Amino acid sequence: MDGQQINHHPSLQHQLNRWILTTTFIFVTIAAILAGGLTFFEARELQDDILQEIASLVRLNKLSENTIPKSDESILIQRLGPDNKNISNKLDDGLQTIKIDDDDWRVFVLTQSVTQQRFAVGQQTELRDEIAWNSSLNVFWPIVSLVVLLLLIINVLIRQTFKPLKQLATHLDKHDGMQLSALPETNMPKEIVPFLLSINGLLARLHQTMQKQQRFIADAAHELRTPVTALSLLSENIKQATTEQDREQRQLLLQQGFERLRLLVAQLLDLARLQSDYESHTEIVSFNQVVQNVIADLYPLAEAKNIDFGVSRQEKLTVLDKGAGLSHLMRNAIDNAIRYTPEGGTVNVSLLSEAGNAVFCVEDSGKGIPETELQLIFEPFYRAQDNIQPGNGLGLTISLEVARKLGGHITLLNRAEGGVQFRYVQAIIKPDDIK
Amino acid sequence: MRILLVEDDYYIGRAIQQALNDAAYAVDWVKDGDAALSALQAQDYGVILLDLGLPGKDGIEVLQTLRKAKNSIPVIITTARDAVEDRIKGLDYGADDYLVKPFLISELQARIRAVVRRNQGVADPILSNDVLELNPVTHEVKVDNEAYVLSAREYALLHALMLRPGNIMSRDELEDSIYGWNEEVASNAIEFIIHGLRKKMGRETIKNVRGLGWMVSK
C-alpha cells in the first residue's frame, strides 16, 4: 500500500533524467543520421571525382592500364574494344553504373581524342559503398560516444544536486518523534532553504506544543497525588475514631476529600475535551441567558457568604458557543469571584457591547491578586498564594481554552478600588448573521 | 513530643494532624514557609514534617534557613516530588528523611520514631533506664518484667521524660511536648496523667522535685 503510494509521487530526479535522455536521444539520432548520410554521399561523390581525375589522366595518355599495379584492385583501367569481353564497347562516354559478372561497377568511359581509343576507368560499387560507409561511421561513432559520456555526466550531476535532499530525508528518518531538533540548513541549496525554514518553524512549534503537553501530564499526575494522599490518610484515620461523633466528623472530611478528587478529575476531562477540538457542537446562544443560568446556580454560594451578588448592567447580546464552553468560562469567573471575596463583600456581573464585541465582566471586592502572580495564574494547576480555598488551579486554564475555541479574549486585572476584574470579550453575532 | 507540620494542602494537613494526635503527638500545623520559621522561633519541636511545594518560601528554603541557624532539629520531608534528584537535594540540604506522597500513617510514624531516636543518639528503639523500658512502637512500658499498656497521653508524657532520663522537666515543658496549639489544657492535666502512670508503674518510677517538675531516674 505504502510502497504504491510512494511510487505515485513524481520523482524530480527521474523526470529530469527521463526528459534529458529522451530529448538528447532523439536529437542525437537525427544529427547522427544526417551527418552520417551526408558523409556517405559526399564520400561517393568524392570517389566519382577521383574516377574522373584518373580518366582525364588516361585521356591525356599519362596513365594506361598497365600503370596501376594489378594488386590494387580498387581502381581498374581497361581498354574497350572487340577483345574486351567484360565491358561492352557500346557504352557512351561519361559516368555510369554497369554490371560485370553480377557485380555492380561504377565506370567512367572516355575516348582519347588523338587515338580514338576508348577506355573505361571503373571501381566496384560494393567497395565504393564500403569506403563511404566507413567514413560515415567515422563521423557517427565519435558523436554517439561523446553523447553517451555527456548523459552519464548529466546523470551524475543530477544525482549530486539531489544529494542534500536525500541526506535531509535520512536525517528526518532518524528522528524518533520525541526530539524534534531543527533540520540542518548548512550546505543546502538556496532554492530549498525557504522550504526548510518553514519545516523548521513547524518543528519548533510542534516541539513547544509537545513540551507543554508533557509538562501538563506531569503536572496532572503530580496534582492527582495530593488528593490521593489526603484520601489515603483520611481513610486510615477513620479506624482510630474513638467516639461516634468523632467517626462522623472524620467520615465527613473523607467525603470532602473525595469530592475534591471528583472535581479535579471532572476538570481534567473538561480540559481534555476542550483541547481535542472535536465533539464541539456549535450554536448561537443568548449571552444573557447563559449568564443568568450560571448566576442562578451560584447564587447559594454567594448567599452563604452574605455577598451582595447581582448584575449591574446588561444588554441583549447573542454570541457563538461551542460545547457549552461559555457556561464553563462564566461559572469559573463568578465562582472565583465569590471564593476570593470575604464575607459581606460584593460581586458584580455586567454584560455590555463594545465595538461589535460582547463583554462579560465580573468584579469582586476581594483583596486582589499580587501583580507578580497575574501572569502565573493562567498556568495549569497554579493556585494563588495563601489560597485557603480548595481548588485545583485548573479553572482559568479551562476558561483560556474556551476563549481560544470561541475566538474570545480574557483579561484579569486588579481594580484601583480593590478586588479583581475578570473581563471576557467575544465577537457579537448579529440577528441577521443567523440566517 | 511536639511536631511541627508544614503542609499547604488543607485535607492532607488535617489528616496528618489527626493521625499524629491519635498517636499521642502534639501537632502544630502551619501552611507556609514563613509561618513555619516563626513557629520554630517561638517553640521547640521534636520533629518537623516539611512539605516542599509551599506557597511563599518553599520547603527547601525553610530547611536552608533552619540549618544555617545551626538548628539540628530532625526534619522529615513529605512531598509529592519523587524524582531522585529531588530526594538527593532534600537530603543534602539537611533533611533527615524523605517521604514521598502518598504514604501510610504507619510508615510516617515509624520514620518519626526513627529520626527522633537517631537525634537522641539512641540506637535501641526501646527507651530505658534502670527501672523502666518504654517501647515506642507498642506504647508499652515494662517494670520488673511486668508490661503495662499506656494511654496516648500517658505514653507521650513518659516518652518526653524517658528521652532524657535524669533531667527535670517543668509543667510547661511537659505541656508543650504533649499538647498542640489548639488544644485546651486543664490546669491539673499533667498531675492527672502522672497520677495514672504512677498507679500503673509504681510511685517511685516518676520522681517529683518540688517547685521544679518531674524526672525519671537515669
Among the listed residues B:56, B:94, which satisfies the condition of being within 14 Å of another protein chain (Cβ to nearest Cβ) and more than 26 Å from residue B:161 (Cα to Cα)? B:56
Answer yes or no as to whether residue A:230 is farther than 19 Å from residue A:323 by Cβ, crowded, with 18+ Cβ neighbours inside 10 Å and either facing another protein chain (nearest Cβ under 10 Å) or among the hydroxyl-bearing types (Ser, Thr, Tyr) (or both). yes
Can you pull out the residues in the stretch B:170-210 that are of a type in the set (Lys, Arg) and either under 20 Å from residue B:23 (Cβ atoms) or under 22 Å from the mean Cα position of the chain (by Cα) (or both)? B:171, B:200
Among residues belonging to the stretch A:159-184 that are in contact (Cβ under 8 Å) with a residue 12 or more places away in the chain and among the hydroxyl-bearing types (Ser, Thr, Tyr), point out the one that is nearest to residue A:18 (Cα to Cα). A:161
Taking the stretch A:263-272 as the search range and keeping residues that are more than 13 Å from chain B (Cβ to nearest Cβ) and either of a type in the set (A, V, I, L, M) or surrounded by fewer than 17 Cβ atoms within 10 Å (Cβ to Cβ) (or both), which one is nearest to the chain's Cα centre (by Cα)? A:272
Tell me yes or no: at least one residue of the stretch A:185-198 is without any contact (Cβ under 8 Å) to a residue 60 or more places away in the chain, within 30 Å of residue A:22 (Cβ to Cβ), out of contact with any His (no Cβ under 7 Å at 6 or more places or on another chain) and of a type in the set (Asp, Glu). yes
Test result for residue B:116, among the β-branched types (Val, Ile, Thr), in contact (Cβ under 8 Å) with a residue 24 or more places away in the chain and assigned to a strand (DSSP E or B): no
Quick check: is even one residue across the stretch A:170-189 within 23 Å of the chain's Cα centre (by Cα), part of a helix (DSSP H, G or I) and surrounded by 12 or more Cβ atoms within 10 Å (Cβ to Cβ)? yes
Suppose we keep only residues that are within 38 Å of the chain's Cα centre (by Cα) and either in a loop (DSSP other than H, G, I, E, B) or in the same structural domain as residue A:213 (by TED's automatic domain parsing) (or both) within the stretch A:383-424. Which one would you say is modelled with the highest pLDDT? A:408
In the stretch A:342-376, what residues are in a loop (DSSP other than H, G, I, E, B) and among the hydroxyl-bearing types (Ser, Thr, Tyr)? A:365
Look at residue A:203 and say whether it is farther than 25 Å from residue A:276 by Cα and modelled with pLDDT of 80 or more. no
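The values are calculated or read from the model by the stated rules, or taken from the named source; none is laboratory data. Keep in mind it's a predicted model, so treat the numbers as computed, not measured. Glycine gets a Cβ as well: all are built from the backbone with ideal geometry, and neighbour counts include every protein chain shown.
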